[in-house]
Structure formats: C-alpha cells, structure tokens
Amino acid sequence: MLDFLGTRQRTHTCGQLRAADAGQTVTLMGWVNRRRDHGSLIFLDLRDRYGITQVVLDKDLAPEGHAKAEQARPEYVICAIGKVRLRGPESVNPKMPTGEIEIAATELLVLNDSKVPPFSPAEDAIQNEEVRLKYRYLDLRRPEMAHNLEIRHKVALAMREYLNAQGFFEIETPFLTRSTPEGARDYLVPSRVHPAHFYALPQSPQLFKQILMISGLDKYFQIVRCFRDEDLRADRQPEFTQIDLEMTFPQQETIFQVVEGFLKDSFEVVGEQIATPFLRMTYDEAIRQYGIDKPDLRLPPMTDVRDVFTAEELSSLKIEPGLPIVAIVIPNKQAMSNTQKKAFAQELNAAVAPDLAYLDVDRLAAAPQYAALAQHIDAAAAKNCGLARVEPENRLIVVSPRVGATAPARDHLWLYKKAGQLRLDLAKRFQDEHKAFEKKGISDDYKFLWVTDFPFFEWDEETKTWTFAHHPFTSPHEDDLIAGRMTSDPENVRALAYDIVLNGMELGSGSIRIHRQDVQQQIFRALGMSDEEARERFGFFLEALQYGTPPHGGVALGLDRLVMILAGASSLREVIAFPKTAKAIDLMVDAPTPVSDAQLKELHIRPVIRS
RNA sequence: GGGGACGUAGUUCAGUUGGUUAGAAUGCUGCCCUGUCACGGCAGAGGUCGCGGGUUCGAGCCCCGUCGUCCCCGCCA
C-alpha cells in the first residue's frame with residue numbers, strides 16, 4: 001500500500017543535517033539507497049541529490065513505520081518524519097558528511113515503490129554502458145553523475161555571469177536554418193509547407209553571430225547546441241554544446257582575454273585555479289615542437305637534432321641528410337630488460353612508417369663510436385625541454401627518414417606529424433609510469449595554450465586544389481593581403497585564426513573575420529568559387545556584408561569537452577545527461593525510429609532504402 | 001567506409017584440449033536478528049551462453065555470417 005503525500009513538505013535535504021541540528025523534528029524525502037534490516041531495528045539510507053542520511057526505524061518507537069520499512073526496497077521513494085538524533089560515539093560514520101546524526105523516525109510514508117533496478121544507483125558505474133544508457137534515469141541517480149552535471153551547471157553559470165559583466169548579450173539564433181554545405185554533414189529537417197525543401201540544424205551559429213555584429217549588437221554570446229552528422233568518438237557527439245561568442249572591433253588579444261577571463265572564473269567555481277594569460281604559440285612552432293596543432297604541454301616537446309649529427313654519422317646510421325631528425329623524450333620511463341627492449345624495438349619499427357627509422361639513444365650511448373653523438377642528442381633535447389639533462393630512465397627515441405626516403409617522408413610537415421603521433425602513442429603507453437596525465441590538484445594540471453597563425457589555405461590532395469583550412473569567413477593577416485600573397489604565395493598566407501588547446505584537446509577555435517566585401521570576394525575566388533556560386537551559397541551574408549560591416553571576430557568553445565576534463569571523465573557521455581551511442585542512437589528513447597506513412601506524406605517524403 | 005576489443009544469470013566475471021546437469025560473487029525472494037552503515041546468518045529462485053547457419057557422435061568453446069556496445073583511422077570548414 002502506497003501512502004499519499006498530503007500536505008507534507010520536506011524540511012531538509014538528505015545531505016544537510018549535522019550534529020548541530022540534533023533535537024529538531026524534520027521531514028526528509030528521498031530514495032532508499034540501502035536497507036539494513038536487524039529485525040526489530042531497521043536502518044534506511046535515504047538518498048537525494050544532496051547526499052545520504054540514515055533513518056532508523058525502531059519497532060518499539062514506531063511500530064507502523066517499522067512495518068513499512070520492512071516492506072521498503074531499494075529505490076522506493078520514502079518520506080521520513082522524526083527527530084534528528086546524535087549517534088553514539090561508537091556508531092558515528094566518519095565516511096558520511098551526515099554521519100554524526102541519524103533520524104529517529106516516528107512516521108514513515110512509502111510515497112512510491114520501484115521495480116528491482118537493473119543496476120544499483122548506490123554503486124559505481126557498471127561496465128555495461130548499454131544498460132546504463134537505456135536506464136539513464138537510474139544512472140543519473142548516482143552521485144558521480146549528479147556531480148558531473150553540477151560541474152556543468154556551475155561552469156556554464158560562471159561563464160554567463162562573467163560575460164554578462166563584460167557587457168555581452170546572450171542572443172538566441174535559429175535551430176531551423178539553411179544548409180550551407182562545406183564542412184560537416186548537416187542534419188536536415190524536411191519542410192511540410194515547402195515540398196522538397198529542407199531546413200538544416202546549425203553546425204554552429206557562425207553567420208548569425210557575424211550578422212549580429214553587423215547589426216551593431218557589439219558583444220554577443222550564446223551557450224548553444226550545435227549539430228554535426230559525422231561519426232562519433234569518445235569526445236564527439238552529434239549534438240554538442242558550445243560557448244559561442246563574437247565581438248566588434250577586437251584584436252585577437254581582446255578575444256583571448258575574454259576567454260581567459262571566463263575560463264578562470266568557471267574553473268574557480270569548481271575549485272580549480274588556473275594561471276592566465278595562457279601560453280601563445282604559432283601553428284608552425286606547434287608542428288615543429290609537437291608535431292600536432294593541439295600540443296599536449298604536459299609532455300616534453302620534440303627536438304630537431306639534425307645539427308648534432310656529423311656527415312659520417314648520418315651515413316653510417318643510414319639517415320637521409322638535410323631532413324629533420326626528431327628526438328622524443330618520454331619522462332620517467334623505467335629501465336627495460338634486453339628482452340623487453342627488443343620487443344619494444346620491433347613494435348616501434350612496425351609503428352613508424354616504412355620510410356622512417358628510429359634510433360634508441362640508450363643503444364647509441366652503449367656503442368663506443370656513437371657515445372659522443374648520444375651525448376649531443378641528450379644535450380640538445382634537454383636544452384629544448386628546459387631540463388638540466390635527460391635522465392637515463394627517460395627513454396629517448398629519435399625518428400628520422402632513412403636514406404633514399406621517398407615523397408611523403410621528405411615532407412617536413414608529414415614527418416613532424418608522424419613523430420608527433422609517436423610521441424603521443426608512447427606517452428599513452430607509459431602513462432602509468434610517468435603519470436603526466438594524472439591530476440595533482442595544482443594549476444599545472446591544466447595546460448592551456450593558444451595556437452595562432454594557422455595557414456590560411458590547405459592543399460587538398462583529392463581535388464588538387466587549395467581549400468580553406470578554417471572557414472571561408474576567416475580573415476587572412478592584413479600583411480599577407482597587402483603583400484598580395486593570396487595569389488602569389490597562397491601556401492604562406494596566415495589566417496587570423498586561433499585554437500584554444502587544453503591538455504592536448506582542441507577546446508575551441510575562432511578567428512578574426514573578414515569584414516570587407518571585396519576581401520570576401522577575393523577569398524572565394526582564390527578558393528576557385530565563382531561569384532555566382534558564392535552568391536548561391538552565401539548570398540544573404542554577402543549582401544549583409546555590404547551594409548557597413550565593422551571589423552569583428554570571435555570564438556567558440558566546446559562546453560562538453562571542458563566539463564569532461566574538469567570531471568576527469570574519459571568520455572563526453574559522462575557529462576551529457578542524455579547522450580548518444582557510437583552509432584548515434586539514443587538508447588533510452590530509442591531514436592531514431594521510422595515514422596508513419598501519414599507523417600511522411602505530409603512532409604512529401606518517400607524513403608528509398610538502398611542496400 | 002576501414003581496423004581492433006568485447007558479448008555467458010539482473011549486474012560483475014570464471015568456464016581447462018570440444019565431452020555428464022554451465023559456475024562464483026553480488027543482486028533478488030523467504031525466514032531469523034536492536035546498532036548497522038558494502039550489516040550478518042540460513043534457505044531458495046534465477047541461463048535462448050547476443051542472434052542465424054555450419055563442422056562434429058557431441059559446440060559456451062571451432063568455422064562462416066549477422067546484430068549490438070566500446071575504442072581508433074577516415075570524416076569532423
């Protein structure tokens with residue numbers, strides 16, 4: 001028999017009461033976390049979002065309540081009324097914030113029962129993520145998940161407050177909008193009113209926010225859902241949330257300061273200190289030092305050590321001269337046995353590309369004719385990493401192109417990227433030893449970085465054309481425009497584009513935009529887009545640009561990714577209330593689904609399944 | 001589109017060389033217990049070994065296919 005609530009109201013949450021509250025009569029409501037039945041004495045742990053409080057049902061004190069507690073089971077919803085009582089010194093539970101007290105219940109109401117749950121919210125996450133996602137409402141009862149959502153809420157709130165204080169307006173932009181192909185695949189929504197016409201869900205509010213700048217709104221932000229129909233990853237969901245902002249008349253640094261400001265605040269509200277300003281690094285530097293455009297600064301950089309090799313050494317080690325030779329330091333790598341070294345060597349040879357070789361500096365050091373070389377490599381790497389010396393337990397690997405290396409390996413960018421990948425693979429493999437990825441509770445846990453001066457154009461091997469590396473509204477450096485490099489030297493045109501990187505993860509990116517219609521036209525032409533084609537795709541925007549567009553720029557950061565790092569989670573699914581699986585399915589509501597013929601007919605759609 | 005890992009009780013897992021009736025823990029059910037807090041004790045129920053096909057005297061185990069979850073590459077301006 002379930003009880004009715006009547007006019008009862010909860011007086012406290014389950015995480016609230018302390019020793020000082022002893023003697024008060026209180027009403028608590030919550031879920032049965034655990035029940036311990038000692039016959040005439042029953043303990044119920046009552047749980048809500050705020051914590052857990054122990055309720056005691058004594059048969060002598062409250063025979064009716066005790067009888068109900070006998071029937072209560074995990075996840076039943078209970079209302080307990082009684083006195084807050086200090087626990088005896090021997091029965092205090094120091095593991096619980098409420099462990100000094102308990103509720104001596106005089107009355108117990110069973111407000112609702114529960115089926116036996118497939119897993120217990122009182123325990124850690126189960127391995128079976130399918131079941132977790134199907135019963136997401138139970139999974140979210142776990143304190144860990146509630147905590148993650150709390151971090152998310154606090155971070156978003158701190159950002160709003162900061163941006164509000166800086167004079168930003170939060171302005172909503174449409175979800176039902178127009179497809180502007182390029183970039184990611186769009187999610188499309190068919191129009192009922194306009195047969196064979198489709199809205200697209202926004203991949204980002206990019207053009208709208210730029211138009212808001214044209215409108216003179218000056219400072220815009222939005223914590224906004226974005227949609228991209230691409231394959232998922234642990235750090236990629238088809239719908240995700242961005243903190244999106246745009247400003248009028250900014251320098252790049254103006255944007256950086258705003259972002260640093262709200263990040264500092266939003267880390268602070270969850271008890272984390274970060275140092276600002278963040279480090280700045282150009283794209284070229286990032287590639288040379290880390291082999292990637294989103295360097296993880298928790299690990300030492302790579303060092304080009306080609307200068308320390310003599311011609312004889314190059315030739316006897318069969319290394320192609322004139323190309324980068326990259327040294328990688330993996331911190332705190334313990335010593336290996338010879339057997340382990342051999343296996344590791346084989347693994348590395350398989351891992352590096354065919355035209356690359358790697359050298360083990362330990363082995364160089366052991367060979368008399370190379371001992372000096374090994375010392376020079378060590379010294380160069382140590383200097384570059386800001387170390388006094390490379391400790392012997394820090395394995396040093398050198399990647400270099402073999403003699404006669406062919407096309408891809410002769411390309412510096414390709415070579416740096418390969419070495420950079422190896423650097424990350426090795427770091428991941430030895431993470432238990434060097435512990436560089438573990439939180440230490442200091443500001444050093446968060447290595448922020450602005451990567452600037454991205455190349456404007458990117459060579460597309462497939463189409464054999466120059467394509468934009470960012471999006472086509474990104475402004476090139478004014479100097480490069482003035483020098484006419486757009487046509488004379490596209491490869492070396494720099495974009496006023498920047499990424500913010502945190503611990504090797506791309507947290508967001510932005511740019512100073514093009515505000516002049518003539519420059520925008522020049523860009524489209526440089527990309528091989530006819531005026532007509534540009535008009536067809538972005539006509540509304542090109543039109544708007546002609547009505548007094550101010551210089552403007554902005555940035556967008558992935559809120560989910562940020563919270564994921566703050567929560568110490570390894571997947572976005574841990575910080576999104578209702579996420580999708582790797583196949584983009586929502587297991588709880590079971591979406592997507594087929595729809596009725598009637599619905600399709602209204603939308604003028606007939607599905608054709610191609611096999 | 002490609003590669004990899006996994007799939008056995010509600011859950012977490014074990015299951016030997018292919019060989020009797022597929023096990024453990026936990027959860028669940030019942031009974032007992034007045035100081036537990038992962039309570040304890042006794043008893044019990046619980047299985048389409050993801051699904052389909054094949055090999056075999058015999059398949060959880062081997063083979064083929066398929067579905068699902070996860071991770072990675074491609075993709076993600």
**OP:** For A:V189, work out the one condition from (1) of a type outside the set (D, E); (2) outside any loop (DSSP other than H, G, I, E, B); (3) touching a residue at least 40 places away in the same chain (Cβ under 8 Å) it doesn't fulfil.
**Re:** (3)
Original post:
In the list A:P195, A:P202, which residue meets the criterion of being part of a loop (DSSP other than H, G, I, E, B) and within 16 Å of RNA strand B (Cβ to nearest atom)?
Top reply: A:P202
Original post:
Can you name the residue in segment A:555-573 that is in contact with a helix residue (DSSP H, G or I) (Cβ under 6 Å, 6 or more places away or on another chain) and assigned to a helix (DSSP H, G or I) and is also nearest to RNA strand B (Cβ to nearest atom) among such residues?
Top reply: A:L572
Original post:
Taking A:R423 and the conditions (1) free of Cβ contacts under 8 Å to residues at least 12 places away in the same chain; (2) in contact with a Leu (Cβ under 8 Å, 6 or more places away or on another chain); (3) among the charged types (D, E, K, R), which numbered condition does it fall short on, given that it satisfies the others?
Top reply: (1)
Subject >> Checking A:G271 against (1) free of Cβ contacts under 8 Å to residues at least 12 places away in the same chain; (2) in a helix (DSSP H, G or I), the condition it does not meet >> reply: (2)
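May I ask you to list the residues in segment A:154-186 that are open to solvent by less than 70 Å² (accessible area, probe 1.4 Å) and not in a loop (DSSP other than H, G, I, E, B)? It would help to see each step written out before you state the result.
Restricting attention to segment A:154-186, the residues satisfying the condition of being open to solvent by less than 70 Å² (accessible area, probe 1.4 Å) are A:155-156, A:158-159, A:162-163, A:167-168, A:171, A:173-174, A:177, A:179-181, A:184, A:186.
Listed by number, the residues that qualify are A:V155, A:A156, A:A158, A:M159, A:Y162, A:L163, A:T177.
Find the residue count for segment A:11-20, including only residues that are surrounded by fewer than 16 Cβ atoms within 10 Å (Cβ to Cβ) and in contact (Cβ under 8 Å) with a residue 24 or more places away in the chain. Even if it seems obvious, please write down each step before you answer.
Initial filter on segment A:11-20 (surrounded by fewer than 16 Cβ atoms within 10 Å (Cβ to Cβ)): A:11, A:18-20.
Filter once more, keeping what is in contact (Cβ under 8 Å) with a residue 24 or more places away in the chain: A:18-19.
Going through segment A:11-20 one residue at a time, the tally reaches 2.
Has segment A:594-601 got at least one residue that is among the charged types (D, E, K, R), open to solvent by 60 Å² or more (accessible area, probe 1.4 Å) and more than 14 Å from RNA strand B (Cβ to nearest atom)? Talk me through it step by step, then tell me what you get.
Within segment A:594-601, the subset among the charged types (D, E, K, R) is A:597, A:601.
With the extra rule that they be open to solvent by 60 Å² or more (accessible area, probe 1.4 Å), the set shrinks to A:597, A:601.
With the extra rule that they be more than 14 Å from RNA strand B (Cβ to nearest atom), the set shrinks to A:597, A:601.
Yes; the residues of segment A:594-601 include at least one that is among the charged types (D, E, K, R), open to solvent by 60 Å² or more (accessible area, probe 1.4 Å) and more than 14 Å from RNA strand B (Cβ to nearest atom).
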Original post:
Which residues, counting only those in segment A:70-126, are of a type in the set (K, R) and under 30 Å from A:M588 (Cα atoms)?
Top reply: A:R73, A:K115
Original post:
Is it the case that segment A:548-569 has a residue that's open to solvent by 20 Å² or more (accessible area, probe 1.4 Å), acidic (D, E) and more than 28 Å from A:H477 (Cβ to Cβ)?
Top reply: no
Subject >> Number of positions in segment A:482-493 that are modelled with pLDDT of 90 or more, open to solvent by less than 80 Å² (accessible area, probe 1.4 Å) and either assigned to a helix (DSSP H, G or I) or touching a strand residue (DSSP E or B) at 6+ places or on another chain (Cβ under 7 Å) (or both) >> reply: 1
Subject >> Unique residue being surrounded by fewer than 20 Cβ atoms within 10 Å (Cβ to Cβ), over 12 Å from A:A104 (Cα atoms), in the same structural domain as A:E107 (by TED's automatic domain parsing) and touching a residue at least 12 places away in the same chain (Cβ under 8 Å) when the list is A:D37, A:D3 >> reply: A:D37
Subject >> Residues (open to solvent by less than 80 Å² (accessible area, probe 1.4 Å), in contact (Cβ under 8 Å) with a residue 24 or more places away in the chain, within 14 Å of RNA strand B (Cβ to nearest atom) and not in a loop (DSSP other than H, G, I, E, B)) located in segment A:433-475 >> reply: A:P455, A:F457, A:T465, A:W466, A:T467, A:F468, A:T474
**OP:** Would you confirm whether any residue within segment A:539-554 is of a type in the set (V, I, T) and either within 14 Å of RNA strand B (Cβ to nearest atom) or not in a loop (DSSP other than H, G, I, E, B) (or both)?
**Re:** no
Original post:
Hey, does segment A:139-149 have a residue that's touching a Lys or Arg at 6+ places or on another chain (Cβ under 7 Å), assigned by TED's automatic domain parsing to the domain that holds A:L245 and within 26 Å of A:I512 (Cβ to Cβ)?
Top reply: no
Original post:
Would you call A:R36 more than 20 Å from A:L2 (Cβ to Cβ), basic (K, R), within 10 Å of RNA strand B (Cβ to nearest atom) and out of contact with any Leu (no Cβ under 7 Å at 6 or more places or on another chain)?
Top reply: yes
**OP:** Working carefully through the options A:E239, A:E230, find the one that is open to solvent by 60 Å² or more (accessible area, probe 1.4 Å) and within 17 Å of A:D586 (Cα to Cα).
**Re:** A:E230
Original post:
Going by the conditions given, is A:I223 in contact (Cβ under 8 Å) with a residue 60 or more places away in the chain, more than 16 Å from RNA strand B (Cβ to nearest atom) and outside any loop (DSSP other than H, G, I, E, B)?
Top reply: yes
Original post:
Out of segment A:420-429, which residues are at pLDDT below 85 and buried (at least 18 other Cβ atoms within 10 Å of the Cβ)?
Top reply: A:L422, A:L426, A:A427
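The values are calculated or read from the model by the stated rules, or taken from the named source; none is laboratory data. No experiment lies behind these values; they were computed from the predicted model shown. Note that each Cβ is placed from the backbone with ideal geometry, even for glycine, and that neighbours are counted across all protein chains shown. To get the accessible areas, we keep the full protein, side chains included, count just its heavy atoms, and leave off ligands, DNA and RNA. Shrake-Rupley method; radii C 1.70, N 1.55, O 1.52, S 1.80 Å.
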